[in-house]
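Structure record follows, encoded as structure tokens.
The values are calculated or read from the model by the stated rules, or taken from the named source; none is laboratory data. Computed from a predicted structure; not experimentally measured. For neighbour counting, all protein chains shown are included, and Cβ atoms are generated from backbone atoms with ideal geometry for every residue, glycine included. Areas reflect the complete protein model, heavy atoms only, side chains present, ligands, DNA and RNA absent. Shrake-Rupley method; radii C 1.70, N 1.55, O 1.52, S 1.80 Å.
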Amino acid sequence: MTGTGSLAIEAVRKRRFLAPFNGDSLSPPSIWLMRQAGRYLPEYRATRGEAGSFLNLCYNPALAAEVTLQPIRRYGFDAAILFADILIVPDALGQPVSFEAGEGPRLAPITDVAGLATLKADQTGEKYGLIWETVARLRQDLPDETALIGFCGAPWTVATYMVGGRGSPDQAAARAWAYRDPEGFQRLIDILVDVSVDYLDGQVKAGADVLQIFDSWAGSLPDNELARWVIDPTRAMVEKLKALHPGVPIIGFPRGAGASTAEFVTATGVDGVSCDTAMPLCAMRELGELDVVVQGNLDPLLLVAGGDALDQRIDEILAAMKGRRHIFNLGHGIVPETPPENVARLVERVRKGSA
Ligand code: 1CP
């Protein structure tokens, strides 16, 4: 073995974030927060201003790496998550995405199988390349002990934006297509499985240690539809990624899957499952009996409120997950109103392991 190789292995060993995926329960658990880079941080707002627009920020490797590092510098989280967005994939496919100030994403909707002809699955490389460059920079710039999480949206959740053209409370447009023409909708999902695997493969090659697949809208589907549009495509992605990178842990986030979460875990083969805020702690504890690392699930709004209520809930989560392979996180992303000092309070309390 070369000197550089053993140094690299030594660096990976230092990442305690990876220990639960190798069977060890950590006390205190490791911690990172979904949307840990974002508008609640003044330094993020400054860098975003410099970039001009949200997508310019995502496609500028130096600035995207900078905002990824900001919460690591402040709080020393055990893992950094690549700064990008789940909608990079449709944008790279040739369905341009724009973010209007304060209004969320906008895309020209694709609502039937004829619309799929506009997608260019063989031309994603140009935009993916910029994101992969961010990952490579991050692996250089992060402290050795900090794990780097790569991510993408799950096919179902990304499809809800591609079909609806924007965020929606009920994902009605995608659900309607899936009922009206399941074979046609399956073609969209199959495209997304392939281009998302390619995207994550590139992230791992550039230095990501762990992958998370965000299925934020899994909860809008009845169980049989969830099996077809959430579980099956995720399993397909996990199988392909495991064939390419057997040692890289994959965390699923089937938000709102509720009583279908255990089935999601066993059927997809994910190594970790991120639980949303509504998942009861006893159910999270039970999930830990499956062969899976459990992540979650503090309410992001409690992090806005802070105070004793925050402390108490942190302790309840720690107590419920004690002895399990647990990663402390929120049940959904940090909201912009979050006072940065409450995040510091959370990290300190989890690290103290007060439970
Ligand atoms: O104004 C701004 O600066 C944009 C706000 C913002 C940020 C900070 C958006 C727009 N995306 C992001 C970054 C982002 N998005 C990350 C970066 C890493 C980190 O966590 O720190 C990640 C992992 C995401 C993932 C993402 N984007 C999801 C899945 C997770 C979730 O929150 O449910 C989804 C659904 C999106 C779409 C999206 N991007 C942005 C917004 C406002 C939305 C939601 C749109 C909607 O449905 O209304």
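Straight-line reach from LYS322: which lysines fall under 18 Å, measuring Cα to Cα and dropping same-chain residues less than 8 apart?
Straight-line reach from LYS322, under 18 Å: LYS352.
Using 1/(1 + (r/R0)^6) with R0 = 41 angstrom and r between the beta carbons of ALA259 and SER98, what's the FRET efficiency to the nearest 0.05?
Once rounded, the FRET efficiency stands at 0.65.
In cubic angstrom, how much convex hull volume per residue do the alpha carbon atoms of the stretch 129-259 span?
119
Just subtract the alpha-carbon distance of ARG351 and ARG166 from 0.36 nm times their residue separation and send over the number in nm, one decimal.
Gain on stretching ARG351 to ARG166: 62.7 nm.
How about the stretch 26-108: which GluC sites (Glu not before Pro) there are in a DSSP loop, with at most 11 other Cβ atoms within 10 Å of their Cβ?
GLU103
Taking only the alpha carbons of the stretch 236-278, what extent do you get along each of the three principal axes, in Å, biggest first?
34, 16, 11
Please list the non-local residues whose amide H lies under 5 Å from the amide H of ILE110, H modeled 1.01 Å from N, same-chain partners needing a gap of 5 or more.
Result for ILE110 returns VAL163, GLY165.
Give LYS205/LYS240; LYS127/LYS205; LYS14/LYS240 a once-over and call out the pairs whose C-alpha atoms are over 25 Å from each other.
With Cα atoms farther than 25 Å apart: LYS14/LYS240.
Between the stretch 257-314 and the stretch 29-55, what is the separation of their alpha carbon centroids in Å?
24
Accessible surface of LEU116 in the full protein assembly, 1.4 angstrom probe, to the nearest 10 Å²?
Accessible surface of LEU116 is approximately 10 Å².
Provide, for q = 0.14 Å⁻¹, the log10 of I(q)/I(0) from a solvent-free Debye sum over equal Cα point scatterers in the chain.
Result of the Debye calculation: -1.21.
Could you compute the FRET efficiency for GLU239 and ASP24, with r as their C-beta to C-beta distance and R0 at 30 Å, rounded to 0.05?
That gives a FRET efficiency of 0.70.
In nm, what is the difference between 0.36 nm times the number of residues separating ARG74 and GLU341 and their Cα-Cα distance?
Fully extending the segment from ARG74 to GLU341 adds 95.1 nm.
I need the phi-derived Karplus couplings for the stretch 20-28: 6.51 cos²θ - 1.76 cosθ + 1.60, θ = phi - 60°, integer Hz, Gly and Pro marked x.
Working through the residues one at a time gives x, 6, 9, x, 9, 8, 9, 9, x Hz.
Taking 1 over the mean of 1/r across every pair of different Cα atoms in the stretch 34-181, what Kirkwood radius in Å do you get?
Here the Kirkwood hydrodynamic radius works out to 16.4 Å.
Zone of ALA319 (label point 7 Å along Cα→Cβ, backbone N under 18 Å): which residues in the stretch 12-33?
Once the point is set 7 Å along Cα→Cβ of ALA319, 28-29 turn out to lie under 18 Å by backbone N, inside the stretch 12-33.
Give me the one-decimal nm value for the distance between modelled label points at THR118 and GLU286, 7 Å along each residue's Cα-to-Cβ direction.
4.5
Taking square-rooted eigenvalues a ≥ b ≥ c of the alpha carbon gyration tensor, is the stretch 131-198 rounded, prolate or oblate, where a/c under 1.5 means rounded and, failing that, a/b exceeding b/c means prolate?
Here the stretch 131-198 falls in the prolate category.
Sequence gap at least 6, Cα distance under 8 Å: using those rules, report the relative contact order of the chain to the nearest whole percent.
Relative contact order, the chain: 20 percent.
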